[in-house]
1. With a point put 7 Å past each Cα toward its Cβ, work out how far residue 102 is from residue 61 in nm, to one decimal.
2. Ordered by residue, what ³J(HN,Hα) values in Hz, to whole numbers, does the range 126-131 give under the Karplus form 6.51 cos²θ - 1.76 cosθ + 1.60, where θ = phi - 60° and Gly and Pro are x?
3. Give a quick list of GluC sites (Glu not before Pro) in the range 5-113 that DSSP marks as loop, anything other than H, G, I, E or B, with at most 14 other Cβ atoms within 10 Å.
4. For the range 44-164, what class follows from the C-alpha gyration tensor (a ≥ b ≥ c being the square roots of its eigenvalues): rounded when a/c is under 1.5, otherwise prolate if a/b is larger than b/c, else oblate?
5. Note down the relative contact order for the chain as a percent, whole number, built from C-alpha pairs under 8 angstrom at least six residues apart.
6. Normalising by the residue count of the range 17-83, find the relative contact order in percent from Cα pairs under 8 Å and 6+ residues apart.
7. Among 172, 48, 33, which one moves the most in a GNM of the chain with springs linking Cα atoms closer than 10 Å?
8. Which one, 28, 64, 186, has the greatest fluctuation when you compute a Gaussian network model over the chain with C-alpha springs under 10 angstrom?
Amino acid sequence: MFKGVLFDLDGVIADTSTLHFDAWKKLVNNYFSAKLPDSLEEKTKGVSRGDSLKVILNYLDVSVSDTMFQRLLVEKNQTYLASLENLSIKDRLPGITEFITELKQHEIKLALASASLNGPAILDKLELRDAFEAIADPSKVPYGKPAPDIFIAAAKALELNPRDCVGIEDSSAGITAINHSGAYSVAVGTHPELKAANMLLASTAELNLDTIRQAYPHN
Ligand code: BG6
Ligand code: MG
């Protein structure tokens with residue numbers, strides 16, 4: 001049986017994933033009078049703020065100065081934070097409350113392995129901070145997702161080997177990261193690129209201990 005669960009945040013615990021992309025769309029509209037196609041959303045999911053901006057600038061085929069790059073990051077985050085103003089317990093994704101309760105009952109440890117620098121503040125708003133034994137700091141790992149660093153750091157913070165952990169993700173960058181960390185990957189969502197996961201669930205509502213325990217290979 002696994003001893004720890006390493007959670008992504010946006011799109012797994014919180015209904016915040018589209019808010020990130022909405023903020024990018026607004027920024028691009030304001031600064032470049034351009035529209036981002038929905039297909040770009042998957043390429044920014046799980047990816048750090050700076051790396052997401054690189055993906056977007058690359059799509060727009062524009063280059064900006066370092067100062068402008070930083071300004072765009074700040075402004076995107078301001079828009080994003082404004083959209084979180086009313087975030088509360090109601091924005092936990094379906095099944096998350098029950099799944100976390102189940103994990104706690106079985107004394108399985110929880111760590112956050114999110115790329116978001118806003119992770120701790122969002123957990124506070126969702127009233128979930130106390131449920132987590134550890135929060136891996138994305139600013140302290142050398143490489144962001146799809147590199148495995150944040151999942152390795154999260155397992156380490158729980159004093160566990162990644163092999164003894166399950167990682168949960170809604171992004172293809174995140175699934176690649178979990179797979180390379182050695183943890184067992186569970187994807188939630190329907191995007192075709194999530195098929196690389198060890199276990200694929202259509203939504204967070206399907207997360208439960210028994211389903212994962214039965215499939216987990218190191219029992
Ligand atoms: C990830 C999101 O969880 O966090 C990405 O999926 C986002 O879209 C990344 O870019 C970084 O988040 P933040 O809050 O630090 O800008
Ligand atoms: Mg996510």
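Each value in this text was obtained by applying a stated rule to the coordinates, not by laboratory testing. Predicted model only: the values in this text are computed from it and were never measured. Positions of Cβ are generated from backbone atoms using ideal geometry, with glycine treated the same way; all protein chains shown enter the neighbour counts.
1. Label-label distance for residue 102 and residue 61, simple model: 4.9 nm.
2. 7, 6, 10, 4, 5, 6
3. 85, 107
4. Values: a/c = 2.67, a/b = 1.57, b/c = 1.70.
Verdict is oblate for the range 44-164.
5. The normalised contact order for the chain reaches 27 percent.
6. Numbers: 30 pairs, mean separation 28.5, N = 67.
Reported relative contact order: 42 percent.
7. 33
8. Ranking 28, 64, 186 by mean-square fluctuation puts 64 first.
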